[in-house]
Structures are given as structure tokens and as C-alpha cells.
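One structure below.
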2 protein chains.
Amino acid sequence: MDAHWELVETEPFDSERLRGWEGLFTQGSGYLHVRGSLEEHLSDAPQNLTYLRRPANVTAEQFPSLKAKWGTFIPGIYGEHPLMGKEMANLPAFLEIAPAIDGERLDVSHSAILSQRRALNLQTAVLTRTLRWRTQSGKMVEVGFERFASAARPHLFVQRMTVRCDAPAHLSVRAGINSDVRTSGFDHLARVDFARIAPDQIRCDAALDTGDEVHLATWASLAGASWTFHDTGRAAHLEAFIPCEAEQVIVFEKRTAVTASADSQRLDPTALLMLDRRYEALLAEHAQIWQQRWQRTDVLIEGDAESQLYLRLALYHLMRAHPGDSRFAIDPKAAAGDAYRGLYFWDTEMYLLPFFLYTDPERGRMLTDFRIRTLEGARRNAAAYGYRGARYPWEGDADGVEQCPNWQYRDHEVHVTADVVYGLAHYARATDSPEYLTQQAADVLRETAVYWLERVDWRPGDPYPSLLGVMGPDEYTPISHNNAYTNRLVAFALDQAALVSPEPLKSRCLAVARGLPIVRRADGLVMQCEEFERLAVLDFDALWLDRSQPFAAQVAQERLYRSRCLKQADVLLLMMLFPDEFSDQEVRQAWDYYLPYTTHDSSLSPGVHAIIALRLGLLDQAWAFWQRSLAIDRDGGAAEGIHIAAQGMNWQIAVCGFGGMRTAMQSEHLRLTPRLPAHWARLAFPVIWKRQPAYIDIRPEQVTIENRSDRTLTAQVYDDRRAIPAGESAHFSAPR
Amino acid sequence: MDAHWELVETEPFDSERLRGWEGLFTQGSGYLHVRGSLEEHLSDAPQNLTYLRRPANVTAEQFPSLKAKWGTFIPGIYGEHPLMGKEMANLPAFLEIAPAIDGERLDVSHSAILSQRRALNLQTAVLTRTLRWRTQSGKMVEVGFERFASAARPHLFVQRMTVRCDAPAHLSVRAGINSDVRTSGFDHLARVDFARIAPDQIRCDAALDTGDEVHLATWASLAGASWTFHDTGRAAHLEAFIPCEAEQVIVFEKRTAVTASADSQRLDPTALLMLDRRYEALLAEHAQIWQQRWQRTDVLIEGDAESQLYLRLALYHLMRAHPGDSRFAIDPKAAAGDAYRGLYFWDTEMYLLPFFLYTDPERGRMLTDFRIRTLEGARRNAAAYGYRGARYPWEGDADGVEQCPNWQYRDHEVHVTADVVYGLAHYARATDSPEYLTQQAADVLRETAVYWLERVDWRPGDPYPSLLGVMGPDEYTPISHNNAYTNRLVAFALDQAALVSPEPLKSRCLAVARGLPIVRRADGLVMQCEEFERLAVLDFDALWLDRSQPFAAQVAQERLYRSRCLKQADVLLLMMLFPDEFSDQEVRQAWDYYLPYTTHDSSLSPGVHAIIALRLGLLDQAWAFWQRSLAIDRDGGAAEGIHIAAQGMNWQIAVCGFGGMRTAMQSEHLRLTPRLPAHWARLAFPVIWKRQPAYIDIRPEQVTIENRSDRTLTAQVYDDRRAIPAGESAHFSAPR
């Protein structure tokens, strides 16, 4: 297998790191997501530990140190947590395939495992595992597992196991569904019923405490086996015993189909098991879809195998996580963990959307349509706060209703409502669809503007409106005035609203948009907020003793809140989004000022810094931030799920940073200023620019743009702007 | 009965207002407190409703609308709430005396009650109740109840019932203990055992989820009765049936003794029942103690019966609530409700302490000794935040450990640590005990100073230290810089610490004390904090539609937090405490500026405003604030308990406001500037001024000060300063 395409569990098998690999190996069809847990389960990793999670800063939150954490998620299927609000529920786990030889169960915590290899093939999205096991009686057993969440049939999950023993033995296989699971320590399953619907099939019907329902059907297949059924209330399984000869390869297959009450059409899971198809046929149709996906998206890096592999891992999870349905979006853990409760944040617009807009605009549009669909929820949120208009949630459910349990974020991190409009406009510009704003999105533009007009304050003596009491992207400055990022985004949103609003709304929008200040220090420094310089200066070296852990986990929140201390890029993010509004000198000034105060406690931070560093020509720092961003989910980082926004940023660093591509928000035509790392021989990727597919191939000495559309493409590389005829390529030399 | 001494349930009996009367009629021995619930209970007011209380602003919190809310509290006996932390537990209820006539139970929700009168005799602290009841068979029954929490025997609660029927009847009496109660909806009772320890006695042993324990013994006495015992697990009772003749007066008596694991000595509740004493003897010894209390404290108001009665009610609850033990203090609801969870706030020093210091300094010292005793808890709090030294809790338990569940108060309302030192100094000055500061309190002074020296920030460019990120007394400005009140109190505390500290600590204390700024506007206005004028100006009329309810209950918290909007006096409280540091003109300027922004959502607010208004000669406004402060617990205001800090302020308004007495923090000698309301004929009260008892008698035309000590007393009335010989009185004329 090509090492550029295969993520391999490298270290000797280490159950301490199991949760990190469970996150990295998560598979999903967009509809259904399953963490990369071991098929046979560990005897010492119970999944029914109950504890009460409380509202907290997730960055500093400590989760119970479980050895393994199963996860089976369908976005939009929720439990109701008494303290946290709605959360995506962890559903009955169906991966179980537990072999035993002569009555001895495989258990990697206690069995003699001579070797084990787990690998996720990113090209085909198939997870394989092989292991050699010596039983207590001295028999050598080779076990192989393979599994995939069918991209062709999103309700279907397919597994296969092969077993070969070096001596005659009795093999037993146990295959079941276990509903005795928790979501962040909470049991949301109000009712579970198991039934044996055929000699080799189990059905599980479960109801959550919200009333949402999920239905599973599992089929177990093993030639010559006679199954027995066992139902223990919260779990059920089929079990069979067969004799196997020395070196005989036994093949077992398990398929599980899942449906849920939120499905757009009612389906019978039993009918979805596809018993008339062979395993190989299901695998082939699945792999073909992934092949098509990679054709649209793959970013080629030559000269840096590690960057290549981990960027592909990012793209794998971005594609895997997309729901393929505008009724849902992508949560910050990409349905690979429950830490962020399966809710939807501003990550969607700022960190995830660009990848989809420029590789698969149809899927990009599903994400922006999601915001249009949930306008009613945004209206309810505004009303709950005493405002007219629409206010998008900081942590929204599938209805767009606010579910954030922490008041400082929920109340004050208002920029999300403007970010949503930025995302809508980004779709319209990236796809050259101005009618999207004037038609489909017009209500969102107008109603969020009505909210902003009520939310601004005109302070006595100020000739301009202000946004007071806001939290910007930096969550360590909780209640600040005239946050630059927020004000600029709101001004942008109001400008968009003015285009679709009648008078007098239009004039009011324009007046506030023009008036909202970007506060600057006397020397021109863009201030994150009015009061930033009145905050204390910390002695980070004295306080931040373990730099491998977040700063917030080592100091009291009150200290963060009164000090110059950024969780993540704030002014620099503003400058990344609106590059032409700030000179290189101004950006450098902000970089020099804010970087020493920035903890990067948020995974959203390194990527923005990498892109800004590239603009400033700070190549060493850009490289360091790229490495940091690329590594966020490695070495246990994915234990609670994938940091999907950082993975979205990794695409942006590659394409917009090293590739130097401006977005359609930043340029009318395709425009690149590549800045390759010195050791990269090549960076190449497809994009769809305003409906025109193109392929961009960057080498140190030359940039080639292939116009794959049927119209002339205007493209600029550095200062060289050309019109590339349909179907042709243009070569641009690097400036000297 | 003298109407000036008796609080009577005035309106026709109204079960909707029952909870308010339960609060007002609370009785207590300092050790044990019992809400004024009905003896026979209501059939439609279950006490075992379970719900999960969450951290919130108590002012805006909505409690389930129960018809009645029993409360039996021993300060220092806690439950552990999963979200709120430790809280004073509601203990098994033992008031039950339920009569029935011919099998028909008395139930004021459903029985035909022809008249009912409940009255609390403030002079004797005895609650009486009489009612006339017509049974369904037409018999007329007169029932009388009487009860008191023995001031002479703090573990003992004594009850008596008389029944007279106009026709022969069968009377049954049921007397029990019910442990199926909740504390703010939570069941803290981990184990309850009932036993019949004598034919007419029940014992109840209960353990709370903290491990704290409580033990009750109840004795039922009814001549000729034969008791049966009934134990239902969470409740138990004795029941007897006796025939009664027409007009025969049946007398039933019930005594309950309570002990708990936090008692300083182990006692047997059975032995405390005092079965060898007659009811009348117990009543007499109890009443005698209350008579002595009133001699030390009573404030006489002539010409205003309503003010007289409600001020006495304030004093009653202050005396009733004092634990008489330095191991505990007085919580904001005075153990008459669980809303503030029986924890200890800054209310102790600023609102409660003066009454005790000037009427019963020994009891005042118990409150300041409490802070010295809990220094270890304060050290733990500081360490939990990453500081050296000692940090007193915003909401402390009996160990001084922080139990506040809301981070904005817990983290930022730091002034309590300075308020504690102010209280210690107040005791030392009011009792002329300078050694209290240099000896007993010295560790508190030094260790809190160490905390402050770490807590201040020196901002780049500022030549002075700052206290950043604090919440002042006004809780609607959550995270502000250099709050004037906080800075001044901290400077005071550091000045005190310097007196007992070696170098270099001493110099550092003095430098920070001198440096902490009181921020002023260009025109001299004392600013509540640096950023106050950068907050929004609200349209209160548009937002505050129901002025009978708190403002905070009608707007989102985020609006409070970004606006000029005070929950309570902040700068004005500072000016009340340090009157000589601000000119009348400065005080007037602050009054005019802050008053329009002040919601008085806190019960702590009107009293401060009354005293400041009197200083400014704003007599109409002073009167209005006095009325408002006096009424806080009326008309349902006491439903969740007594606002004891406001009651403490009512004494301060009378003595320091209308009486115009300066505290020992404000004057070296006894000094008064009386300002009587026009219709008051007399205001007279005892004080103990630096160990010298005196009686102050203020009439419109003349002030008399009687020196009840054996030394010459220096006293000043208006500008007239005299030396009053021991045992003599001096007469001062009002200035013309």
C-alpha cells in the first residue's frame, strides 16, 4: 500500500493510545459515523460509566480517562442532557465481532498478541486490522478484520473477519449489538428492544429521551454455523461454534443497517442489509465513490510524505463527515466523538466551508442551505433574548436552536450571526450565484440585520454605533466592546442585507455598517477590542509550566479573563479574511503585538497563523504552524473526536497559504501567490472557481493552471494575469 | 396585645400567601430554625417535589410555586448538591399536630374555617394561632396553637394545642415527624430511621449525603390518650383518639429536641425533652431571655406604628438568627429558607455586623471570630485559584470554603476578602479592642494582604497598581477594572495589614494601598469602575414593563452586562462607609448620576440609598427608601426566607440614618446628627459605644444621651460635643 495513502497505527499496539486511534480511524457515510474501536472489545474498558458532565470550557475540561470510547452517531439524533441541553446521542454499538479459539476469547488487553497492524486506507476508506495471537494452549492464530461505512449505501456498515489457526481448533464467533453505552457519561436511551428476526439476524429498536428513535438490523454470516441468540436486556448477540482445520481460512461477515426517526424517508433496516450482494460488490461500489471524491479534492504534495499523508487524512475526514443533506451540518468533532455534543458552530462557515466550496460546491451549498433552513430557529433565539430578527446559535442543533450551556459564549459570542452571512455570500461568490443572496438567502440577510440594528448601542457622546459586551473569536476576553473582527463581520453582513432590503431598513443597515468602528491605537495597531490595552500583562513563563497542555488548564479562568491572553487568532483572523483592507505593515504590526499573547489553546489558531505568516514571508514560522495544525489530531489528539475545523484549515493552509490562492471573497478572478516550503517539489490540486473546474500544479520553478472548463478562465499567478482558453493550460514562471 | 409588638396575619387567610408568612413567622433558637408552617399541614402541598436547581442569579431565579414550603434548619448541617455545592439541608419536619373531629381532619385548604388568626409575639418570640372550624356534621370547634423555639434551651422546640368543641365528639390527634422533604428540590437525606422509644415518644435518626447527622426526639402528651405508632419509612407519627365532652378544653402538648453531628458536644435528644418541666416554666425561661434581648436592642419609634412594628420584626429576626456560636454565621435568608443555601456572604460584615457590634458586642465578636476561625478555608480558596495567602469565599460554608456555583460571582466578586478585614477592624474599634487586630486577627490581615499583593496587576504604562477583572457590589457589571468600592476596601485592608506586618511586606502593603486608584471623571464624579461610561445607556421604560418584578427577570443577562445598570448601591455604599472622604457635593453628584441607573434588584440597595439620602437632606427620598427597605419581607417577600441583610440595614437606617449615629469606623467618639421624619415624635435606642452603654433618646426638639456606664462618655450631637459623667444624662437641643 502506498504510504501516502495509508494511516497506520505505528507504535507497538498500546491500549493507552487507543482512544486517539479510535478518533483517527473513525469511518462514516455522512449519515452514520462509527469510531475506530476494536471489534472484539476490551474486557477492561466498560462503556457504561455514568457521570454528570457540566457546562465548562471544553479546552480545559477533563474527561474520565476511559481506555476505549465507543461512538456510533447519526447527526440529528439527539439526547436531552439535563445540564448541557441537546446533544448528539451515542447510539447502540454494533461493531462487535468477538472470536474465541477453544473457548479462549481474543482480548488484546490480556491475550498474547505477537503482532498487530491497523491501517486506514484513505483512498478507499476501508479500515483493516491483522493480528497474530498465540493461545494459552500454544496455537498460533491469524485474525484479519476489514470494515467500511458504505459510501454508496449510507445506512449500511459492512465488516468481515478471517481467521486461520495453525492447528485444528474450535472457533466460536460472537456478533452483537450493545446499547449499554453513554453519551459523555449520560444514558440517553429510554427504551431498547432486541429481537431475533431471522436465525442469523438481530434487530434493535431504541428510543432516546428526546423521543428520537433508531433501528438497527444486523446479519451474521459464517458458512456452516448454527447461531444461538442471547438477549441480556441492554445487549444482544448471536453466537456460533464451528470446528476449523489447521490452516483453514474461516471467513465471517457482518452487516449492519441503521435507520432513524430523523431520516427523510422511512426505511426498513432489514431491507437495507443487501443480502443479495456479495461483500466484494459492496466494497467495489463504495471504493468507486471514494475514488470520485478524491478526483475532486486530492491535494498532491511531493517531497514531503508526512505532509502528504496527514493532509489526505484531513480531506478524508472532511468528506466522511459531510452529511450530504442540508438538514444537518458538521459538528466540531465531525461525529467522531461527543465532546462538542454534535452541535453546529461558526466553524462551518469559517473553517469548513472553503474546502467544499472550491472542490464540491454542491456540498458547500448544503452547508449554507442548512443556515437558511434553520432561520426559524434563529428567530426563536433572537426572541429568547428579547430581540426582533434572527440570531444564529453559538451551538445549534439541527433546528438552529441555541443549545450552548455556557452563558459567556451563548450570550456574548454573537459574531456567529454575521459569520453565517459571510458564508452565504461566500457560496454566492464562489459559485457566481448572486441570485442566492437576493432570493434564497434574502430573509436571512434581512432578519439578521434587524437583530443587529437592535443589538448595537449608541453611547452618549459617540457619533458611531457600537457592539458592546461581545466575545470575539478569542474566547479569553469574554465581554468586550467593539471587537474588531465582530464589527467588521457585522458591517459586512449589514452591507449584504442592504442589497436586499427596502427603505428605511436599507439606509439603517448602511449607516450602522459604515459606523461600526475598527478601533486602532495611536500608532495604527488594530485593537482586538477597545479595552485590550487595559488588560494585565501575564508572566506566561511563570504560569504556563506544562506547554504540552492548554494554558487554560493551568490557570484560573479569572486570570485569563483579566489579562492580555488570546485563546486563538482574533485580529489576525480578520486580516486573513479581508487581506486587502490591511497593509503588510499593519498585519506585521498585529502579528508582532498579538502573537506573544496567544496561547493557541484552540485548534482553530495555528492555521490562521500559518496563513498570515506566509503572507508576511515568515516561512519558518509558517512551517511551524503548519506542522502544529497538521498534528492536532495525532498522538491522542483525536481521542474525543476529530478537530474537523483544523482539518478544514489544513486544506486552507495548503491551498490558500502555500498555494496562495485567494478566495472568491478576496478576488474576482482566480489568483495565486504560491509560497512553497523549500523542500516541496510539487503542490497540485483541483479547484472549481466560479463554476469553472481547473487544476493547479505548483512547482518551485513554475506554476501550471489547466482550465478544465468549457469557457475561458482568467487566472493570475503572482502579478501575471492571463486568459486561459477552455481545455488549455497556462504556465507561469515563479518571480525572481 | 400591643400592636407595636405583634405581627398578625392580617388578610383573610389566604393559602396563596402562605409561603410569605412561613418566612415571616420563622422561629429560631440560633441553633435550630423552623419556618412558620401550619401544624396540621395542607393536603394539597406535597413537600417531596424533586427538581434540579441550577446555578443562576438568585434575583431572577424562579422557584417552583409550592403552596407551602416547610423548613427545618440547623446552620452547619449540610447536604451536597451535585450542581450547587454544599447547602444547608432541610431537615425532617417535626411540627405536625393534626387534629380530627369524628374522623374529619382539619385541613384549611378544604375545611370550613370560619375565622383564623395567626400572630407572632415579637416580645416573647411565641407564635400563636386560633381558628374556628365548622365540621361537616355542623359541630363548631375552636382550636388554638402556641409554639416557640426555646431561647433558653436551643435544642428544644415546644408546641401546645387546645381544642374545644361545642358538642360531644371524638378527637383524634396525630403528631409526627416527616423526613420526606427536599432542600430546593433535592433529597439530601441518605438514611432515615424511626423508632418508638417510649409509648409517647418517637426518635428519628437521619444521615445526610455529606455524612452529617441529625437526631430528633418527639414527645406527645395528651391526658388520657393511648398512642399508636405508625412508621411509613420516610415519616412516622403517634396517633391517639379520645372522647371529648361539649365545651371541654383538651390540651395537647408536643416537644421536640434536636441534636446534630456538628454540635460542639454530643447530647442525647431524649434527655433534652425536659419532661420534668411544665410548659409554663419552659415558656417563662424562654420569654425572660427575649426580654433581656429587647432591653439591649429595642429601638423605640413613637408616632409611626408601622415603622415601629416592622423595625422590631427586623430586630427579632436578627436576634433569632444569630447562632450564638463563632463556628457559624448568619446566611442571607437567616435560616428561614434555602434559596441562598445557608452559606455566608459579605452581608455579614457590611449589613449585619453593626447591629450586633453596638447592641451586643459579644455576639458581634462571634461573627468576626467566625472569619478568623475559617482562615484555613480562605487559604484553600486562594490556593485553588493559584494564589498564596487567603481569599475569603463569596459563598462560604462553615469551614470558609468557597461553595458559590456561579463563576462570575465566585471568581470576580473579590471584595469580600477586604470586607472581612473591614469587619474585623470594625469590631476592634467599636469595642475599643486594638489588640484584636494585632493578636487574634493578625494572621487574617497578613494573609489576605499576601493574596491582594498577588492579585493586583501593574499594567504597562500605569504608575499605579490595579485590581482588574472584578465585580463590585453591583453585580450587573460583571468583570470591571478598578471598581472604586473594591479598591478602597482593599486599600483599607492593606493599611490594616501593614500595622501587623514585618518589612518588606509592610512597605508593599502600604505602596499598593496608596496606589490603588479611585477613578474619577474629569468633573470629579467618582466612577464605579474605569469602563462605566463606556457602557450602553438603556431605555428602562421600554424594557422594564413590570416594576413589581426585578429588572433582571425581564431582560437578558447579556443586556445587563453591557449597560449602565446597577443591581444595587456601589459607589454610594463606598460613600456611606467612608463619609469623610467625600464632600456633600461629591456624594450628591454620585447620587444624581447613579440613581437613574440603579434597579434596586438587590434587597441590599434601598437601605444604603436611605442613609445617603438623609445625609443629602433628601428627606422624601429617604422616607421612600426606608419604606421600601422595611417592606422587603412583606407581602410574600419572605417566601424563600428573610432578607436578613436588609433587616440589618433597617437597624442601620434607623440608628445611623434617622438617628444619624456615626459608627466607630467613622468617629472616635459617639456622634449623632439626627434627622427624624416629620411625623416621628421619638426615636430612642440603647447603644454600647466602645464598651460604654448609653441610651439615646431623640425627640424633634431635643436629644438626650444617658451615659449608662461607669466612666465619662464623650458624645456629640450635631456640633455640640460634651463629656457626660458616669450615670448622667445630657440634653442637646436641635439646631435651629
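Values quoted throughout were computed directly from the atomic coordinates according to the rules given, and no laboratory measurement underlies them. Just so we're clear, the structure is a prediction, and the values are computed from it rather than from any experiment. Glycine also receives a Cβ, built like all others from the backbone with ideal geometry; neighbour counts cover every protein chain displayed.
Here are the numbers:
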{"read-out": "Peptides ranked, highest mean first, by Cβ atoms within 10 Å: ranges B:387-400, B:126-139, B:473-486", "value": "B:473-486, B:387-400, B:126-139"}
{"read-out": "Order of B:Ser150, A:Ser115 under a 10 Å beta carbon neighbour criterion, fewest first", "value": "A:Ser115, B:Ser150"}
{"read-out": "For chain A: span of alpha carbons on each principal axis (Å, largest first)", "value": "86, 57, 55"}
{"read-out": "Two-site FRET efficiency, B:Ser264 against B:Arg54, from Cβ-Cβ distance with R₀ of 30 Å, rounded to 0.05", "value": "0.30"}
{"read-out": "Estimated FRET transfer efficiency (B:Glu376, B:Asp432; beta-carbon r; R0 30 Å; 0.05)", "value": "0.55"}
{"read-out": "From phi via Karplus (6.51, -1.76, 1.60), per-residue ³J(HN,Hα) for the range B:215-222 in Hz, x at Gly/Pro", "value": "10, 10, 10, 10, 10, 10, 10, 8"}
{"read-out": "Degrees separating the helix A:361-373 axis from the principal Cα axis of chain A, which is the longest one", "value": "80"}
{"read-out": "Inverse mean reciprocal Cα-Cα distance (Kirkwood Rh) of the protein assembly as shown, Å", "value": "36.3"}
{"read-out": "Peptide-level mean, for B:557-565, of C-beta atoms on other protein chains within 10 Å", "value": "6"}
{"read-out": "Ordering of B:249-255, B:590-596 by burial proxy (mean other Cβ atoms within 10 Å per residue, highest first)", "value": "B:249-255, B:590-596"}
{"read-out": "Rel. contact order, % - alpha carbon contacts under 8 angstrom, at least six apart, the range A:298-666", "value": "17"}
{"read-out": "All-pairs Cα distance distribution in the range A:682-733, expressed in whole percent, bin size 10 Å", "value": "28, 60, 12"}
{"read-out": "Taking all pairs of distinct alpha-carbon atoms in the range B:6-291, Kirkwood radius in angstrom", "value": "19.5"}
{"read-out": "Residue-averaged [θ]222 nm for chain B, counting only DSSP H segments that reach four residues, each worth -39500 (n - 2.57)", "value": "-8000 deg cm²/dmol"}
{"read-out": "Inverse of mean 1/r across different Cα pairs in the range A:603-697, Kirkwood, Å", "value": "13.9"}
{"read-out": "Shielding by other protein chains, B:407-414, mean Cβ within 10 Å", "value": "4"}
{"read-out": "Relative packing of B:237-246, B:274-283, A:70-79, A:36-45, which averages over residues the other C-beta atoms within 10 Å, highest first", "value": "A:70-79, A:36-45, B:237-246, B:274-283"}
{"read-out": "For B:Arg671, residues with placed amide H under 5 Å, excluding near neighbours", "value": "B:Arg662, B:Gln716"}
{"read-out": "For the range A:596-665 and the range B:537-613, distance of Cα centres in Å", "value": "48"}
{"read-out": "Longest to shortest principal axis, alpha-carbon extents of the range B:244-330, angstrom", "value": "48, 47, 17"}
{"read-out": "Amide H contacts of A:Gly85 (H built 1.01 Å from N, under 5 Å, at least 5 apart or other chain)", "value": "none"}
{"read-out": "Full-stretch length increase - A:Thr232, A:Ala167 - with 0.36 nm per residue and alpha-carbon distance subtracted", "value": "20.0 nm"}
{"read-out": "Where Rh is the Kirkwood radius over Cα pairs, Rg/Rh for the range B:298-666", "value": "0.94"}
{"read-out": "Histogram of C-alpha separations across the range B:543-588, 10 Å bin width, %", "value": "23, 35, 26, 16"}
{"read-out": "Length-normalised contact order of chain B in % [C-alpha pairs under 8 Å, at least 6 apart]", "value": "12"}
{"read-out": "Fraction of alpha-carbon pairs over 24 Å apart in the range A:422-532 - percent", "value": "29"}
{"read-out": "Exceeding the 22 Å Cα-Cα cut-off - candidates A:Lys86/B:Lys86; A:Lys67/A:Lys567; A:Lys86/A:Lys333", "value": "A:Lys86/B:Lys86; A:Lys67/A:Lys567"}
{"read-out": "Normalised convex hull volume, the range B:591-637, alpha-carbon set, Å³ per residue", "value": "68"}
{"read-out": "Sum of side-chain charges, B:Gly342 neighbourhood, beta-carbon under 11 Å (Lys, Arg +1; Asp, Glu -1)", "value": "-2"}
{"read-out": "For the range B:327-447, the spread of Cα positions along each principal axis, largest first, Å", "value": "38, 36, 21"}
{"read-out": "Net charge contributed by nearby residues that have their C-beta within less than 11 Å of B:Ala645 (K/R +1, D/E -1)", "value": "-2"}
{"read-out": "Cα-Cα separations in the range A:504-592 greater than 23 Å, expressed as whole percent", "value": "42"}
{"read-out": "Reference-scaled alpha-carbon Rg (2.2 N^0.38 Å with N residues) for the range A:181-278", "value": "1.26"}
{"read-out": "Shielding by other protein chains, A:78-89, mean Cβ within 10 Å", "value": "1"}
{"read-out": "Evaluated over the range A:411-466, the Cα radius of gyration and Dmax, each in Å", "value": "14.0, 44"}
{"read-out": "B:Ala190/B:Ser43 FRET efficiency (R0 25 Å; Cβ-Cβ; nearest 0.05)", "value": "0.30"}
{"read-out": "Kirkwood hydrodynamic radius over Cα pairs of the range B:63-149, then Stokes diffusion coefficient at 10 °C and 1.306 mPa s, in µm²/s", "value": "99"}
{"read-out": "Local electrostatic count at B:Arg459 - Lys and Arg +1, Asp and Glu -1, tallied over other residues with Cβ under 9 Å", "value": "-2"}
